[in-house]
Amino acid sequence: MVDYKKILIKNGTVLDIANKKTGVFNVLIDSSRIKKISPNIEDKDALIIDAKDKLVVPGLVDVHVHLRQPGQEYKEDIYTGSCAAAAGGFTTVIAEPNTYPPIDTPTRLIHLLKIAKKQSIVNYYSKSATTVGLNGYRLVDVEKLKFAGARAISDDGHPVAGNRLMFNALKKGKEFDILVNPHCEESELYRRRQKEKEKGKRKSPDTITNPPYTAEGRFVMRDIELAEKTGARIHISHVSLAQSVNEIAKAKKRGVNVTAEATPHHLLLSEEAVKKFGTNAKVNPPLRSKADVEAVRRGLADGTIDIIASDHAPHSVKEKNLPYDKAPFGLIGLETTLGLVLTYLVRPGILTLQQAIEKMTILPAKIFGLDKFGVGSLTQGTKADITVIDMKKKWKVDVNKFFSKARNCPFDGWKLQGKAILTIVGNKIVMKDGKIIENI
């Protein structure tokens, strides 16, 4: 990365939803802060970047990534994951806590954030686990984890099966004003535990008589009902079913403080894709019917689903080459999300450009409490996290050119239009024209 005291981005089309600023402006960065946005700025001491005919937006924000550190660095690590983020135009990421060991204590979280400060080339935040060891039996110390810097509590990969435990998690979320981010999906651990219980012995949204991976809607309904009782803020990850969209829409009309996200793969791929892409399309929640895909798209467009998140989940080639029933869940998305959204959601008119940028900047920042740090906007005086996008640039996805260590991407070979060409974090240019700018 190269540090510049001053950077002047000239002649770009600025789109800053948070400040309702749209038009051709110059943007002056001074000492890592946005000093001024105006049609006419000159500064002979600044590095000049000509952004004519390019889109200048707040740095993109991805609130759902797996960077695998600590414990599974052979899949990804903070540095390579942050490079993938920068290449995709993301200046801020929030990592999931399902590492080895999981991020379930203040000590582990603080240690991880210290490592990330040294190794990440983008802004790195983390969630904490909801339960100790992600095992669904005992709550973490929510107050101390909030104080240590957790942006949300989440048992990523697992539902919190017990009603009372989930209720208590939401009570703590309300008490300490931290977002509760349940994963309304079924893990293999959860299915196994359900089978070990006698039918009817323990109530939960799913039983052993249900087909695998169909309980999302019931978990969404339950968690929303508990959030409504407690008054907690709740955010639903990777919505994939029409039933879930419907439940979230009804809850919002009742005034429940619920938000939700969708991934590009649940917006663009249906269950038929598994036949074509094999294990690279094996995700949890799984790809759904075409009707579900359409419902999720409609929910994203009408605001029922608030934001877009990649759920970047890297795995080794060896793991993804296992037979389908043994291969791990997940696909990577940091380097393709923007291009997919612009090509398949904006260009066909499913989303406006303003909606797409809003759902990838200021809205995720607000939901996870990062807007107070200036994340998601181009507010004067705040840190200069900026992405410059070439809307006309046509490119072909090539996983062999990814900065991520992983290659598990079903979009390999897809032709896209629209790409981040410059990523700025503070006074550092971290990516330019598809190249990561190293320290010199």
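The values are calculated or read from the model by the stated rules, or taken from the named source; none is laboratory data. None of the values given here were measured: they were computed from a predicted structure. Here the Cβ positions follow ideal geometry from the backbone for every residue, glycine too, while neighbour counts run over all protein chains shown.
Here are the numbers for the structure shown:
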quantity: Options I110, I121; residue that is buried (at least 22 other Cβ atoms within 10 Å of the Cβ), in contact with a helix residue (DSSP H, G or I) (Cβ under 6 Å, 6 or more places away or on another chain) and more than 16 Å from L179 (Cβ to Cβ); calculated: I121
quantity: Among the candidates D62, D104, residue that is under 30 Å from S128 (Cβ atoms) and part of a strand (DSSP E or B); calculated: D62
quantity: Output for region 354-399, where each listed residue is within 21 Å of A87 (Cβ to Cβ) and in a helix (DSSP H, G or I); calculated: A356, I357, P364, A365, V399
quantity: Residue, farthest from D45 (Cα to Cα), within region 415-440, restricted to residues that are assigned to a loop (DSSP other than H, G, I, E, B) and of a type outside the set (V, I, T); calculated: G434
quantity: Which numbered condition G133 misses (of (1) out of contact with any helix residue (DSSP H, G or I) (no Cβ under 9 Å at 6 or more places or on another chain); (2) surrounded by 18 or more Cβ atoms within 10 Å (Cβ to Cβ); (3) at positive phi); calculated: (2)
quantity: Hits in region 14-55 - residues which are β-branched (V, I, T) and either outside the structural domain of I424 (by TED's automatic domain parsing) or surrounded by fewer than 18 Cβ atoms within 10 Å (Cβ to Cβ) (or both); calculated: T22, V24, I41, I48
quantity: Tabulated pairs, region 300-316, first at negative phi, second in a loop (DSSP other than H, G, I, E, B) and among the hydroxyl-bearing types (S, T, Y), C-beta under 7 angstrom, 6+ apart or interchain; calculated: A309/T263; S310/T263; P314/S404; S316/Y74
quantity: Test: residue in region 21-28 that is closer than 27 Å to A309 by Cβ, out of contact with any helix residue (DSSP H, G or I) (no Cβ under 8 Å at 6 or more places or on another chain), modelled with pLDDT under 95 and not hydroxyl-bearing (S, T, Y); calculated: yes
